[in-house]
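**Q** Here it is, the structure, as structure tokens.
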Amino acid sequence: MIVRVPERSTMAGNYFLRDHASMVLTPRDLQMSNFLKFALGALLAFLVASCAEPPTTKPAATASTSGHRLQKVRTTAYTHTEKGGKRNAVGTYLASRTVRSAASDWSRYPLGTRFRIIDTNEVYQIDDYGTALVGTNTIDLYKTSRLEMRRWGVRHVDIDILAWGSEAESLRVLTPRAKHRQVRQMIVALQKKSMARSLGVRVD
């Protein structure tokens, strides 16, 4: 089948001008036109799909008050019948009720750091330190008896940091005790962290 498109012409001076050239559309022309329409439609759909591509999924943050969960933290246990007695490093009694006492290297977990053990839901606060803990990431948990202490043993647990303690307060308590080697070690580590932060260096 041949489709003829009517001509339209105008006169301009001595010249005969045609608005459109005489066109004859064959079935092949119509097929090519449909192909171009399909190709343009497919290209447009591809561009829209590319723009609508969902953003890269980020790992879900672990829920905790401070947004900081630590995994596989090494923990041990101690009790008041050991050498340290019933008082902690700041001179108050070791706590064992709603918030329990715990000891650490204060350059790793500063004085006042509060955390929850995921498995037991117990909340502890760093208010003590121990010479054997200095230079390690181990947290020593206060237990009210030797039986509880032995039952705990050594465990690697996940904890939620509820609030980080104060490095400045840690230094204030430790500085008068600098004659002890392990205390000096914590002081030096805390001072290095403070200096690094003042220079804009990130400290974990």
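The values are calculated or read from the model by the stated rules, or taken from the named source; none is laboratory data. In this text, all values refer to a predicted model and were calculated from it rather than measured experimentally. FYI the Cβ positions are ideal-geometry reconstructions off the backbone, even for glycines, and counts take in every protein chain you see.
**Q** Exactly one condition in (1) farther than 21 Å from Ser170 by Cβ; (2) modelled with pLDDT under 95 is not met by Gly84; state its number.
**A** Among (1) farther than 21 Å from Ser170 by Cβ; (2) modelled with pLDDT under 95, Gly84 violates only (1).
**Q** Where residues in region 143-173 are closer than 14 Å to Arg116 by Cα and either among the acidic types (Asp, Glu) or over 24 Å from the mean Cα position of the chain (by Cα) (or both), which of them is surrounded by the fewest Cβ atoms within 10 Å (Cβ to Cβ)?
**A** Filtering first and then ranking leaves Asp158.
**Q** When you look at Tyr129, is it more than 25 Å from the chain's Cα centre (by Cα), crowded, with 21+ Cβ neighbours inside 10 Å and in contact (Cβ under 8 Å) with a residue 40 or more places away in the chain, yes or no?
**A** Here the answer is yes, as Tyr129 does meet what is asked.
Residues are listed down the side, and each one gets a yes or a no for (1) modelled with pLDDT under 95; (2) of a type in the set (A, V, I, L, M); (3) touching a helix residue (DSSP H, G or I) at 6+ places or on another chain (Cβ under 7 Å):
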residue	(1), (2), (3)
Asp119	no, no, no
Gly135	no, no, yes
Asp140	no, no, yes
Arg150	no, no, no
Gly153	no, no, no
Ile161	no, yes, no
Ala168	no, yes, no
Leu171	no, yes, yes
Arg181	no, no, no
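**Q** Name, by its number, the condition in (1) touching a residue at least 12 places away in the same chain (Cβ under 8 Å); (2) in a loop (DSSP other than H, G, I, E, B) that does not hold for Lys83.
**A** (1)
**Q** Shifting gears a bit: Please work out if Thr136 is surrounded by fewer than 17 Cβ atoms within 10 Å (Cβ to Cβ), among the β-branched types (Val, Ile, Thr) and not in a loop (DSSP other than H, G, I, E, B).
**A** no
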